[in-house]
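Comments concern the structure below.
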Amino acid sequence: MRYFVFLTICRNFVIDNKLKTNTPKLITMKKTILSMVALAFLAMPIVAQTPIYLDDSQPIEARVQDALSRMTLKEKVRLSYAQSKFSTPGVARLGIPELYWSDGPHGVRMEINWNDWNHANWTNDSITAFPALTALAATWNPEMSAAYGKAIGEEALYREKDVMLGPGVNIYRTPLNGRNFEYMGEDPYLASVMVVPYIQEMQKNGVAACVKHYAVNNQETWRNHIDVNVSDRALYEIYLPAFKAAIVEGGSWTIMGAYNKIAGQHACHNDRMLNQILKKDWGFDGVVVSDWGGTHDTKEAALNGLDVEMGSYTDGLSVDNSNGYDSYYLGNAYLKMIQNGEIPESVVNDKAARILRLIFRTSMNRNKPFGSLCTTEHYAAAEAIGNEGIVLLKNAPIAKKAPALLPLKADYQNILVVGDNAVRRLNEGGGSSELKVKDMVSPLDGLRAIYGNRVKYAQGYAAGQPMYARVNEVSQEVQDKLRAEAVEMAKEADVVILVGGLNKNHLQDCEGGDRQEYGLPFGQDQLIEELLAVNKNFVLVLLSGNAVEMPWIEKVPAIVQGWYLGSMGGKSIANVLSGKVNPSGKLPFSFPVKLSDSPAHSFDAMSYPGDGIKQEYKEDILVGYRWYDTKKIPTTFAFGHGLSYTTFEYGKAVASAKKMTADDKLEIAVKVKNTGDVAGKEVVQLYIGDDKSSVVRPLKELKHFQKIALNPGEEKTITFTITVDDLKYYDDIRKDWTAEAGKFKAYIGASSVDIRTVVPFVLE
């Protein structure tokens, strides 16, 4: 109707303009008509003038296809490779913005320069450091994962980042892996459960998660080229489930390819891993991005599923330069192959569509919130995750009939804190996990906030400056002096708290290199022995992302696994040591007694680290507790282990039936009671074992868990639902999952070895 009125007014105006006589009356009429024309035009809806790709109300796929139809071949190709260290271009001609990426293992990385790795030295890029993902996994609490994803997503949004490079879900295969602290432990089910809410909550902010490193990137030694030989069973049962959960359940918008090769082909352009499994089988509609420098071949990258290439320097050149991006594998060489007909244009259309889809979801999403940085809520989330992630490994009395050493007595007058890690900023170092924090509460700060000037400090050992790719050596003379000073002060203390472990230096918990030894560095074993010799009231707090050897285990009464806890880490540690918080964390990986007990290290060098060219995962599916349980190898601390300041009693589990079919569901119920004097949380774990199988299977595998809170004397009934999927293994001959009829057992307990009740049942 408005359009018709507009045409009518215009027609009449034209007729009037044909009159030769400009009478005052006619002039007035003309002015009126002109005003009416203007008003009608302004009121008229803009019909078919806003392109579909710019219309937020249109379905995202319609917008993608519309944008594609307007782009040149060069514009499509240009989407697929970097324009700086951490950004990729949009299409300026069409008003399509670029994407900004950021490292994010446990916080938004500081700004670096446009085209080099030096710090940009901004004054407004300080952030909240969240606990590393080992700590998150140790909470065994999906609610903590959701809080983590929400908070880090808000910080990324405020920093105007479109894609966060995380979370990581590579499986803990060896305690020497320098990047284990970035991942979620040795069990695929635990990692699968914990990764999903993280991704979902992060992406509600319009910030894309980038799950990494896909796949079997389980060591840093020779990471850029090692060719991993892994069975299909191990791949599907151990190394892929968490990635699948991140994509299928979490809906991750991006995924990062690993550095290593798989069956002879680099993971960043591996046809089977990317085209077949990820995009076809799992239905992934997002973007595959290379790890920085993980691309090695133009045609493979183009045809085998890589969508965005980052950090590869230049094709055939050894030195990066400001004009080098066009020389990336997916740059000019890729464009030329398309123009020559070597690569079909459908390939570039698919890549461009995926990238456009990501842009519409993130940088071009006008409905996303503004984000926030270093808020009270974020600090509270970091502290809560730390509180629940800290694991009480051991807590014994120092004398018969005496109480356990922890929590600390309120009347201690002389508390000695020892250790470099008690004051060290563990957000520094680590490679891509390096963070610039606004606030950081150290363990020493946290304890002094509670106990005041009753807390004294001695360094005890020196770890050197945080460095990447090289080690800052500390002289033995310095170490001897620091140790002697600490031991002398320990003689007068009521209790000694050593805050030690590893740190994020090169060849420790750091990307680019694996640990060189299973034991503690910097002479800490000797320091522990000498401190114990003068003071039996001794608490060891280990800050690390890895298990360590413990030759002094029998002598140390109290041991706490404290992880890397970020900005509020010191508060969380003090909360647990003082008893303000009852520890409830459970280990997401096993602590072997010695390195040779570990499955990856139980074979020859071809199992770990390989021969520099190839590597074989000889333990196959028997990773972590699956190996220790099945082979009957004792551990220092088992998977799922974690003590409390209270005690929990498990009743006898009861099943809803003795038999089930493939179409049935079996419910198993168990009562758990807090039999102690303080409120606490318990993680009730359910494992399933196949009594007799035609193939090798672990003694038991984690299939369900629940974390519950109980007041003193309170009892709750926990119910688990078992389906046939919980009983399946991957048949690498049939290339499918299968469950064999026969006898099974459900093991319910407080860890993989602390089984409190067992329920047998039959699959018919």
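The values are calculated or read from the model by the stated rules, or taken from the named source; none is laboratory data. Just so you know, these numbers come straight off a predicted model, no measurement behind them. Heads up, the Cβs are rebuilt from the backbone with ideal geometry, glycines too, and the neighbour counts pull from every protein chain shown.
See the values below:
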read-out	value
Scan of the range 553-579 for residues that are small (Gly, Ala, Ser) and farther than 12 Å from VAL499 by Cβ, ordered by number	ALA558, GLY566, SER567, SER572, SER578, GLY579
Top-ranked residue of the range 454-478 - restricted to ones that are touching a strand residue (DSSP E or B) at 6+ places or on another chain (Cβ under 8 Å) and not charged (D, E, K, R), ranked as farthest from TYR412 (Cα to Cα)	TYR461
The listed residue being of a type outside the set (A, V, I, L, M) and over 30 Å from LYS409 (Cα atoms), out of THR646, THR630	THR630
Helices (runs of 4 or more DSSP H) fully within the range 66-158 counting 1 or more residues that are in contact with a His (Cβ under 8 Å, 6 or more places away or on another chain) and either surrounded by fewer than 21 Cβ atoms within 10 Å (Cβ to Cβ) or in the same structural domain as ASP350 (by TED's automatic domain parsing) (or both)	133-139, 142-158
Subset of the range 408-428 [surrounded by 22 or more Cβ atoms within 10 Å (Cβ to Cβ) and either in a strand (DSSP E or B) or in contact with a Lys or Arg (Cβ under 9 Å, 6 or more places away or on another chain) (or both)]	ILE415, LEU416, VAL417, VAL418, LEU426, ASN427
Hits in the range 175-204 - residues which are buried (at least 24 other Cβ atoms within 10 Å of the Cβ) and in a loop (DSSP other than H, G, I, E, B)	PRO175, LEU176, ASN177, GLY178, ARG179, TYR183, MET184, GLY185, GLU186, ASP187
Qualifying position, being at pLDDT 95 or above and part of a strand (DSSP E or B), among ILE559, ILE553	ILE559
Those strands (runs of 3 or more DSSP E) lying entirely in the range 616-677 with at least 1 residues in contact with a Ser or Thr (Cβ under 8 Å, 6 or more places away or on another chain), modelled with pLDDT of 95 or more and polar (S, T, N, Q)	635-637, 666-674
Qualifying residues in the range 625-635 (those that are touching a helix residue (DSSP H, G or I) at 6+ places or on another chain (Cβ under 9 Å) and buried (at least 19 other Cβ atoms within 10 Å of the Cβ)) - the one nearest to VAL576 (Cα to Cα)	THR635
Residue match in the range 547-570 (condition: polar (S, T, N, Q), farther than 17 Å from ALA396 by Cβ and out of contact with any strand residue (DSSP E or B) (no Cβ under 7 Å at 6 or more places or on another chain))	no
From VAL216, VAL228, VAL211, residue being over 22 Å from LEU133 (Cα atoms), touching a strand residue (DSSP E or B) at 6+ places or on another chain (Cβ under 6 Å) and outside any helix (DSSP H, G or I)	VAL228
Test: LYS456 is in contact (Cβ under 8 Å) with a residue 12 or more places away in the chain, out of contact with any Gly (no Cβ under 7 Å at 6 or more places or on another chain) and charged (D, E, K, R)	yes
Any chance ALA746 is small (Gly, Ala, Ser), closer than 26 Å to GLU143 by Cβ and buried (at least 20 other Cβ atoms within 10 Å of the Cβ)	yes
Selected residue (criterion: surrounded by the fewest Cβ atoms within 10 Å (Cβ to Cβ)) from residues of the range 365-407 that are among the polar types (S, T, N, Q) and not in a strand (DSSP E or B)	ASN367
Selection count where residues are surrounded by 14 or more Cβ atoms within 10 Å (Cβ to Cβ) and more than 34 Å from the chain's Cα centre (by Cα), scope the range 432-457	4
Yes/no for LYS586 being closer than 24 Å to PHE181 by Cα, under 24 Å from the mean Cα position of the chain (by Cα), at pLDDT 95 or above and among the charged types (D, E, K, R)	yes
The range 239-273, residues that are more than 17 Å from the chain's Cα centre (by Cα) and surrounded by 24 or more Cβ atoms within 10 Å (Cβ to Cβ)	ASN260, HIS266, ALA267, CYS268, HIS269, ASN270, MET273
Residue within the range 465-472 that is small (Gly, Ala, Ser), assigned to a helix (DSSP H, G or I) and surrounded by fewer than 21 Cβ atoms within 10 Å (Cβ to Cβ) present	no
From ASN275, ASN224, residue being at pLDDT below 95 and either over 19 Å from VAL623 (Cβ atoms) or not assigned by TED's automatic domain parsing to the domain that holds PRO142 (or both)	ASN224
